[in-house]
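FYI, it's all coordinate maths here, none of it is from the lab. This structure is a prediction, so every number in the text was calculated from the model and none was measured. Here the Cβ positions follow ideal geometry from the backbone for every residue, glycine too, while neighbour counts run over all protein chains shown.
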Amino acid sequence: MTNALELDGLRMHFGPVRAVDGVSLTIPRGGVTALVGESGSGKSTVGRCVVRLLKPTGGVVRIGGVDVTRLSRRELRPHRAEVSIVFQDPAGSLDPRMLVGDVVAEPLRLAGGSRLSRRARQQRVSEALAEVGLRDEVARRYPHELSGGQRQRVSIARALISSPALLIADEPTSALDVSVQASVLNLLADLQRDIGFACLFITHNLAAVEYLADQIAVMYLGKLMETGSREQIFARPAHPYTQALLAAAPVADPVRQRAQQKVLLGDDMPSALDPPSGCVFRTRCPLAFEKCALEVPPPVRIGDGEAACHLVQADGTRPDVRTGAHG
Amino acid sequence: MILEVADLTVSFVTESGDVSAVDGVNLDLDAGEIVGVVGESGCGKSVTAMSLAGLLPRSARVSGSVRLRGTELIGAREPELRRVRGKEIAYIFQEPMTSLNPVLTVGRQIGEVLQEHERLSRKQVRQRAVELLSLVGIPSPANRVDNYPHQLSGGMRQRVMIAMAVACNPTVLVADEPTTALDVTAQAGILDVLRNLRDRLGTSVLIITHDLGVIADIADRVVVMYAGRVVEQAPVVELFAHPHHHYTDGLLKASPTPGRHAGTDRLQEIPGLVPVLTRQPDACTFADRCPAADQKCRGSAPPLTASSGSQAHLAACWHPTRQEAKR
Ligand SMILES: Nc1ncnc2c1ncn2[C@@H]1O[C@H](COP(=O)(O)OP(=O)(O)OP(=O)(O)O)[C@@H](O)[C@H]1O
Ligand SMILES: Nc1ncnc2c1ncn2[C@@H]1O[C@H](COP(=O)(O)OP(=O)(O)OP(=O)(O)O)[C@@H](O)[C@H]1O
Ligand SMILES: [Mg+2]
Ligand SMILES: [Mg+2]
């Protein structure tokens, strides 16, 4: 069976800026992979390469087995309906002059759905709105007349109306309140289970994906540091960066949170213009040693995933940033 | 008590009618205490914070009392308020980039704050600026003092904002969503700085956030706001272990927390939306979203009272959650 998405050594350089620098990743049909990392690590750039808002400067993007990396705009058209994207900022990504109904119907029109009669199109729009829990009358409103959570539901309805096999969700809940965030995350999880689309869920908040993603990929400065099943990443993170990210996410439980040993990485994320030699994470890694500056660590198989760190070994040896222990 | 807020009420006159933003808020802050204010967007957290030092626009109608070491600030004259701001009550806000001047070095900007309240030579100013940068954990402060804001990461810019806020050693530091725009790793650093300030300088901190993880990490005491009112208040461990108000309970259950959702595959939602009120009704404003609401809740507003024994744990609810079963 073909995979929903395959990235093979994906590179996106903006002149000297190496925003994405060799990312390989596979999402099977119906799978949900979370792409996690700090601001500027290149997550959105990966997403934008997949939906071909950007043309990658290297590597391969395969969608449903088809190499779309270098297709022209025209050649891409038949594949457009295969992938959709939902952005972080629901206000900025919805055209304020368009009625919600037209916003949601737009992908149908772009995919050559003009063959669809008006009645049929309206029918599809009300189905899509109902799917995300919005009433029909919302179709006749403007985006600014809705709450943030409602607007994000509209973006999701628009993204799903073309029945894509793959949904890119770029921080879809980061701008929302906790209670609204919970309902949007639940909605995405329910739709994903019912419809079965594959999903690349981009976020900087590991806690938000714990029950949504089955695979997690951790990104830093354009490269993947670690990949693995959700269970493994949460229970036995191998890469020092993954461990630090987990330790930094505050737990909404004062007893556990205060007992937790802090790992402070400092704020000095190097620039993608001039990434460090060797391991890109070494300048903030509490465990870095000479070799890290000299050699790029290759991904090593560990458990059900991979980690790119000189201290990780295939026999299961992994470092611990909390104790500073090498293995 | 350093700061005593009593019956604070704020409304705004707008073109589309009055907006009731804060209704009868009571709040205390002790010397060296960190109090967290939590609640959904629009519940009145920022308006409460800004009214402390008279920062609200003219369209605001403010009543009630704000006493700083016994001195009333509501209705105080502008020169008095100007002295209070910075020297007694200092603020940091969410967006460090927009509050910093892009064309001045961070040293110059810290210097301007210092010279507003003290007479210092240029050399003294620079030395104090370096000390302050070091106090907020910026590495090599003697070099960073000559940096422009764009040369710093988001986390470092927020540290600079804190350095400016504490330049004159204020009694109270009000931090309004100081980490919301930051990554978890930078956030952990900022929370550490705030804790340090309290420990080393004895600063009282009022921290505003919608993130219960932040509260769990840093607050000694928590104030939960809903639709302009304080609905619950308790020491941090007590609040998370035994929330009395159904809104607090809902917020806790909606917050993604690693480990808490084991065995379930969804977050709990709080159905419905925060109401925008033109007038505060004599009713519980959470009643429409509350699983325990009845006629009484819709007919009269519950007072904020000590519920189960502890004088430190207050809730405004006619039917507090049954905690006996959980203990
Ligand atoms: N069009 C562009 N031109 C030049 N540089 C770019 C462009 N788009 C992104 N970058 C750079 O590429 C890097 C990765 O950016 P990207 O937006 O993918 O990060 P991200 O992980 O999504 O971060 P965030 O969490 O802040 O959204 C950054 O250094 C960014 O400045
Ligand atoms: N200048 C203003 N004019 C009119 N209404 C205002 C003004 N400032 C705030 N409000 C209203 O007062 C209420 C409380 O706003 P406030 O900014 O305190 O919310 P908040 O709890 O800080 O929310 P957030 O988490 O989004 O920052 C909101 O309904 C808001 O729309
Ligand atoms: Mg992004
Ligand atoms: Mg606010």
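Think of it as helices only: each DSSP H run of n ≥ 4 in chain A is worth -39500 (n - 2.57), and spread over all residues that comes to -9000 deg cm²/dmol at 222 nm.
Most simply put, the protein assembly as shown has about 60% antiparallel DSSP beta bridges, counting only bridges with both residues inside it.
Do any trypsin sites (Lys or Arg not before Pro) in segment A:1-92 lie in a DSSP loop with no more than 16 other beta carbon atoms within 10 Å, and if so, which? The partial results should precede the final answer.
Details: sites: A:11, A:18, A:29, A:43, A:48, A:52, A:62, A:70, A:73, A:74, A:80; in loops: A:29, A:52, A:70.
For trypsin sites (Lys or Arg not before Pro) across segment A:1-92 that sit outside H, G, I, E and B with at most 16 neighbouring Cβ atoms in 10 Å, the list reads A:29, A:70.
The dipole here belongs to segment B:111-264: it is taken about the Cα centre, uses +1 on the Cβ of Lys and Arg and -1 on the Cβ of Asp and Glu, and is about 460 debye.
Calculate log10 I(q)/I(0) of chain A for q = 0.12 Å⁻¹, where I(q) comes from the Debye formula with a single equal point scatterer on each Cα and nothing for solvent. Debye curve over Cα of chain A, log10 I(q)/I(0) at q = 0.12 Å⁻¹: -0.85.
Taking neighbour counts of Cβ atoms within 10 Å as a proxy for exposure, in what order, fewest first, do A:229, A:155 appear?
The order, fewest Cβ neighbours first, is A:229, A:155.
For segment A:37-115, the alpha-carbon radius of gyration amounts to 1.25 times the rule-of-thumb value 2.2 N^0.38 Å expected for a compact globular protein. Only lysine pairs 8 or more places apart, or on different chains, with alpha-carbon atoms under 28 angstrom apart are counted in the protein assembly as shown, and they number 16. The Cα atoms of segment A:102-188 cover 41, 28, 18 Å along the three principal axes, with the biggest extent listed first. The alpha carbons of chain B occupy a box of 67, 50, 39 Å along the principal axes, longest dimension given first. Exposure proxy shown here: for B:215, A:195, the number of other Cβ atoms within 10 Å sets the order, fewest to most, as A:195, B:215.
In whole Å, what three semi-axes, largest first, describe the equivalent ellipsoid of segment A:236-327 built from its Cα gyration tensor (square root of 5 times each eigenvalue)?
On the way: eigenvalues 108, 63, 24 Å².
The three semi-axes for segment A:236-327 are 23, 18, 11 Å.
In chain B, the longest principal axis of the Cα atoms and the axis of helix B:184-201 are about 80 degrees apart. List the cysteines of chain B that have no other Cys Cβ closer than 4.7 Å: which are they? For chain B, the answer is B:43, B:168, B:290, B:317, because their Cβ atoms have no other cysteine Cβ under 4.7 Å.
Take each residue of peptide A:183-195, count the partner chain Cβ atoms within 10 Å of its Cβ, and average: the result is 2. When the alpha carbon coordinates of segment B:9-100 are projected onto the principal axes, the ranges are 40, 31, 27 Å, largest first. So what does the Cα-only Debye profile of the protein assembly as shown read at q = 0.07, 0.09, 0.11 Å⁻¹, as log10 I(q)/I(0), no solvent term? So the normalised log intensities work out to -0.50, -0.83, -1.22.
Of all stretches in chain B that contain no GluC sites (Glu not before Pro) in a DSSP loop with at most 12 other Cβ atoms within 10 Å, the longest one is B:16-323. Think of segment A:236-327 as a dipole: +1 on every Lys or Arg Cβ, -1 on every Asp or Glu Cβ, centred on the Cα centre; then among A:310, A:299, A:265, A:265 lies furthest on the positive end.
Loop-located trypsin sites (Lys or Arg not before Pro) in segment A:213-317 (DSSP state not H, G, I, E or B) with no more than 15 neighbouring Cβ atoms inside 10 Å: A:262.
Residues B:1, B:161, arranged from fewest to most other Cβ atoms within 10 angstrom of their Cβ, appear as B:1, B:161.
Treating each Cα of segment A:161-294 as an identical point scatterer and summing with the Debye formula, the log10 of I(q)/I(0) at q = 0.13, 0.15, 0.19 Å⁻¹ comes to -0.68, -0.88, -1.23. Counting Cβ atoms of other protein chains within 10 Å of each Cβ in A:256-264 and taking the mean gives 4.
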